[in-house]
Amino acid sequence: MIYAASSLDSYLAPADGSVSWLEAFGTDEAADLGYDAFLAGIGSLVIGRTTYEQVLGFGEWPYHGKPTTVLTTRESLGDDPPPPGVRTDHGDDLAQLVRALQDEAEGATWLVGGGTVHRAFLAAGLVDEIWTHVMPVLLGSGVAMFPPAFPRQSLTLLESRTYHGGGPGIVLLRYRVD
Ligand SMILES: NC(=O)c1ccc[n+]([C@@H]2O[C@H](COP(=O)([O-])OP(=O)(O)OC[C@H]3O[C@@H](n4cnc5c(N)ncnc54)[C@H](OP(=O)(O)O)[C@@H]3O)[C@@H](O)[C@H]2O)c1
């Protein structure tokens with residue numbers, strides 16, 4: 001499943017890739033946005049090399065105990081050993097990758113992103129749900145949440161939640177990919 005925060009115009013980040021644009025929406029009520037409950041249902045993760053390096057740069061690896069595959073065409077992720085449970089994959093057989101992760105760990109596989117990972121799994125028909133927190137901003141340009149191209153896919157809205165929390169408002173949209 002895809003779970004990500006996006007601008008109303010469907011960007012994951014501004015063009016420089018930074019995450020600071022999200023800080024404006026950290027109101028008290030919206031602080032958690034259901035993330036802890038979501039993460040509790042996640043057994044394994046797939047993450048693009050760019051996002052992986054960004055998360056590593058934040059400090060301690062936040063997904064201990066959940067097997068994580070970093071997609072990369074590179075032979076290695078650098079000189080330092082990755083955190084426990086983190087391995088790489090060249091993305092040659094994404095269906096087999098998901099099967100292996102689901103055999104290894106109970107729970108859903110979170111496609112952490114970024115956009116190129118979303119596109120690869122949508123192109124392979126391997127996305128079952130899309131959760132997006134829509135932030136009240138038009139970034140105007142940046143890292144697309146759904147960069148083209150992949151086949152058209154019909155969605156069914158499973159849930160929507162609105163968070164006000166004294167701020168400008170955030171909407172969670174949760175879709176099933178039919
Ligand atoms: N708002 C949110 O919730 C959210 C969530 C996630 C990410 N983000 C943002 O998204 C941005 C990064 O997204 P991005 O699309 O530029 O990069 P990305 O998807 O994180 O990583 C791209 C890299 O992953 C590897 N890769 C992706 N698909 C592959 C495949 N099918 N097979 C093999 N390797 C594959 C390649 O690595 P190599 O170059 O090593 O071959 C590629 O260059 C960051 O700014 C991050 O902050 C935001």
Original post:
Of H64, H133, how do they rank once you tally other Cβ atoms within 10 Å and put the fewest first?
Top reply: H64, H133
Original post:
Using modelled backbone amide H atoms (1.01 Å from N, in-plane), which distant-in-sequence or interchain residues come within less than 5 Å of G48's amide H?
Top reply: L71, G113, G114
Original post:
Counting only the backbone N, which residues of the stretch 73-101 are under 20 Å from the spot 7 Å out from the Cα of A124 toward its beta-carbon?
Top reply: 73-77, 85-101
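If you average the sequence gap of Cα pairs under 8 Å that are 6 or more apart and divide by the length of the stretch 1-117, what percent do you get for the contact order?
So the answer I get is 37 percent.
On full extension of the chain, what length is gained from L22 through H164, given 0.36 nm per residue of separation minus the C-alpha to C-alpha distance?
49.6 nm
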Original post:
How far, in nm, would the chain grow between E75 and V177 when pulled straight, counting 0.36 nm per residue and subtracting the alpha carbon separation?
Top reply: 33.4 nm
Original post:
By the scheme Lys and Arg +1, Asp and Glu -1, what is the net charge of all other residues having a beta-carbon under 12 Å from that of R176?
Top reply: -3
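Since every read-out is calculated from the coordinates, none of them should be taken as a lab result. Quantities reported herein were computed from a predicted structural model and do not represent experimental measurements. Positions of Cβ are generated from backbone atoms using ideal geometry, with glycine treated the same way; all protein chains shown enter the neighbour counts.
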